[in-house]
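The values are calculated or read from the model by the stated rules, or taken from the named source; none is laboratory data. Remember, predicted model here, so these are calculated numbers, not experimental data. Cβ placement follows ideal geometry from the backbone for every residue including glycine, while neighbour counts extend to all protein chains displayed. These area figures cover heavy atoms from the full protein model, side chains too; ligands, DNA and RNA do not enter into them. Shrake-Rupley method; radii C 1.70, N 1.55, O 1.52, S 1.80 Å.
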Amino acid sequence: MLQIMDLSKSYKKTLAVDRVSFTVPDGQVGILLGPNGAGKSTIIKSIAGLLRYDGAIMIQGIPSREIAAKKIFGYVPEIPALFDALTVREHIEYIRRAYDSDITEEEIQALFRRFELDDKQDKLGNELSKGMMQKVSICCALAVKPKVILLDEPMVGLDPQAIKELKEVVLELRNQGITVLISTHMLEMVKELWDIVFIMDKGRIRATYTREQAGNQDLDAIFFGITRGNAGEKAESGILEPMQESTRESAGN
Ligand code: ADP
Ligand code: MG
């Protein structure tokens, strides 16, 4: 489980995240959906411990700053950052040791095959294309064998085969009871995956929908309504009530 409580973050004068609270329960896939600049990466970097912030973040009930919490989450940054002087294989070995992960050699090789990196194992970090770096970054996060995994715009820059594999991996993680948080500016990218979606704009969560609450409503239309300001007035007073907020008929419920 991932709990974010009253998280705020300013960069000098920019209030990037404004009193955001949300929870992703065990074994669910949560989506931070919002346009560029909404504050998605700031939230994910705060969870990952890369920023100073106000508020509290708990991973499996453990404050995120504690080592015990850091050891059980994986993080795929928006822009992959690899070590220039380590090979692909060495990146995984580094993670395995640093996290004391029980990932086996067979599991590592299966991951490489899955992401078409098996013939790239001896390449150095700085010899890889952007897409390959992204795939190594995903493999590193999975090699942690995390209880909670954070993926910041993970599909951007991936080829269609890797996108398909990543979606399958996310569904497998969910089946294993692992908590997943994915940020995206396009719900289309994650439409088969999500359990709960947090629609963000200008540093705040403007609406929250579980799949059940969303029913057959067109979340893209709701998203555009919110981010174009149609729902701005209401949003100021807090999280919009799912269902009531929409003028659409919900055929689903
Ligand atoms: P998103 O990931 O949703 O596109 P970000 O979290 O990256 O949004 O950015 C949220 C806001 O914070 C934006 O206004 C952005 O310009 C600002 N911001 C992000 N990173 C920095 C930084 N390092 N310094 C100053 N402002 C930043
Ligand atoms: Mg971002």
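Extent of the chain along each principal axis, from alpha carbon coordinates, in Å, largest to smallest?
That gives 55, 39, 30 Å along the principal axes, largest extent first.
Quick check for you: which residues of segment 68-82 have the amide N under 12 Å from the point 7 Å beyond the Cα of Val156 toward its beta carbon?
So the set is 77-80.
In degrees between 0 and 90, to the nearest 10, how far off the longest principal axis of the chain does helix 105-114 point, with axes built from Cα atoms?
60 degrees
If you fit an axis through the alpha-carbon atoms of helix 160-175 and take the longest principal axis of the Cα set of the chain, what angle between them do you get, 0 to 90°, nearest 10?
Taking Cα atoms only, the helix is inclined about 80 degrees.
Using the Cα atoms of segment 1-94, I'd like the radius of gyration and the largest Cα-Cα distance, Dmax, both in angstrom.
Rg and Dmax of segment 1-94, Cα atoms, are 14.7, 42 Å.
What's the lysine pair count for segment 1-112 at a Cα cut-off below 22 Å, pairs eight or more apart or interchain?
Lysine pairs, 8 or more places apart or on different chains, close enough: 10.
Nearest 5 is fine: what % of DSSP beta bridges in the chain come out antiparallel, could you say?
50 percent
Please report, in Å, the Rg and the Dmax of segment 155-208, where both are computed over Cα atoms only.
Final numbers for Rg and Dmax: 12.3, 34 Å.
Length gain on complete extension for the stretch Lys130 to Asp218, per 0.36 nm per residue less the alpha carbon to alpha carbon distance?
28.4 nm
Length gain on complete extension for the stretch Lys123 to Lys12, per 0.36 nm per residue less the alpha carbon to alpha carbon distance?
Between Lys123 and Lys12, full extension yields 36.0 nm more.
Once the Cβ-Cβ distance between Arg113 and Glu66 is put in as r, and R0 is 41 Å, what FRET efficiency do you end up with, to the nearest 0.05?
After rounding to 0.05, the efficiency reads 0.70.
Please find, in a Gaussian network model of the chain (springs between Cα atoms separated by less than 10 Å), the residue of Arg97, Arg206, Arg89 whose mean-square fluctuation is greatest.
So, out of Arg97, Arg206, Arg89, the one fluctuating most is Arg97.
FRET efficiency for Asp100 and Met1, Cβ-Cβ distance as r, R0 = 25 Å, nearest 0.05?
Result of the calculation: an efficiency of 0.70.
Between helix 130-143 and the chain, what is the angle of the helix's C-alpha long axis to the longest principal axis, kept within 0 to 90° and rounded to the nearest 10?
90 degrees
Which values of log₁₀ I(q)/I(0), to two decimal places, follow from the Debye formula for segment 82-145 at q = 0.26, 0.28 Å⁻¹ with a uniform point scatterer at every Cα?
-1.15, -1.32
Roll a 1.4 Å probe over the protein chains and send me the accessible area per residue for the chain in Å².
Ligands and nucleic acids excluded, the result is 48 Å² per residue.
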